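Note sheet for the following structure.
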Amino acid sequence: KSGEKKQVSFTITIPETANVGETSGAIVVVKKDPNKKDFKKEGVNIVTRIGTRIYNTVPGEITETVRFDTLKLEKQEDRYVISSSITNEGNVSINTKYNIYVQFLPFSDYNYRIEKTAFISRDISKEVNEIIDNYPVFGRINITMELLMEQKDGKDKFIEKKRASIWIIPYKEIGITLLIIIFILILHIIKKLLVKILDVVLVNYVKIKYV
């Protein structure tokens with residue numbers, strides 16, 4: 001009934017063949033309409049579900065291992081994207097921390113640091129993405145990313161450090177500047193030609209006049 005609470009007991013049976021380490025599952029509660037025996041075959045059916053995660057650790061040798069797979073720095077439209085991949089190779093979930101140092105050359109005023117955490121379940125590869133949307137017109141972006149893993153004693157274990165870089169080249173601005181320079185040069189050449197033509201015309205006019 002509305003506002004009523006009930007305690008529901010459940011049992012989890014772990015198979016004897018289960019691998020050592022952490023396993024995850026979920027308990028899902030679905031609202032049931034006693035007056036409705038079946039869903040409609042047509043139209044829209046809305047079902048509400050509430051779930052909660054369950055983690056269980058099978059006794060044995062626990063390993064906590066993480067691998068820093070890749071680090072990339074790429075331009076996407078009008079921004080630069082840092083993308084990396086981290087894989088949990090252990091048999092339990094782990095908490096990782098990563099620090100990204102972003103350096104702009106030769107404009108050090110843009111430099112900054114990113115510090116974040118990432119929870120990675122067992123046998124999962126996690127993609128980490130960060131966006132750089134404030135950068136100078138030209139120069140070079142250097143990034144350094146270091147990965148750490150949180151241990152049971154609360155201390156962070158250093159895993160690995162990777163670097164990546166990319167040049168900021170304003171192709172559009174360079175193209176416009178070159179077009180302006182070419183246009184100015186053409187005007188300068190045309191001006192010189194007109195001056196020469198005018199000189200020749202004047203000289204011929206004077207000769208004709210005094211002949």
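Just a few scattered comments:
- Theoretical ellipticity at 222 nm over the chain - DSSP helices of four or more residues, -39500 (n - 2.57) apiece, nearest 500: -7000 deg cm²/dmol
- Angle of helix 171-210 to the longest C-alpha principal axis of the chain, folded into 0 to 90 degrees and rounded to 10: 10°.
- Using a cutoff of 8 angstrom between alpha carbon atoms and counting only pairs six or more residues apart, the relative contact order for region 73-184 works out to 27 percent.
- Ellipsoid equivalent to the chain - semi-axes via the Cα gyration tensor, in Å: 70, 29, 13
- For region 99-211, the ratio of Cα radius of gyration to the globular rule of thumb 2.2 N^0.38 Å stands at 2.33.
- Surface composition of the chain: carbon plus sulfur atoms contribute 56% of the solvent-accessible area (1.4 Å probe, protein chains only, all chains present).
- Exposure rule at most 11 other beta-carbon atoms within 10 Å, DSSP loop GluC sites (Glu not before Pro): the chain longest free segment: 78-211
- Relative contact order, percent, the chain [alpha-carbon distance under 8 Å, six or more residues apart]: 15
- Long-range Cα-Cα pairs in region 106-158 (distance over 19 Å), rounded percent: 48
- In Å², nearest 10: area of Lys192 left accessible to a 1.4 Å probe: 120
- Largest GNM mean-square fluctuation across Ile190, Ile174, Ile82, computed for the chain with C-alpha springs under 10 Å, falls on Ile190.
- Solvent-accessible heavy-atom area per residue, rounded to whole Å², over region 74-175 at 1.4 Å: 60
The values are calculated or read from the model by the stated rules, or taken from the named source; none is laboratory data. Keep in mind that this is a model prediction, so the values were computed, not measured. Here Cβ is always computed from backbone atoms with ideal geometry, including for glycine, and neighbour counts include all displayed protein chains. The protein model used for the area step is the full one, side chains on, heavy atoms only, and it has no ligands, DNA or RNA in it. Shrake-Rupley method; radii C 1.70, N 1.55, O 1.52, S 1.80 Å.
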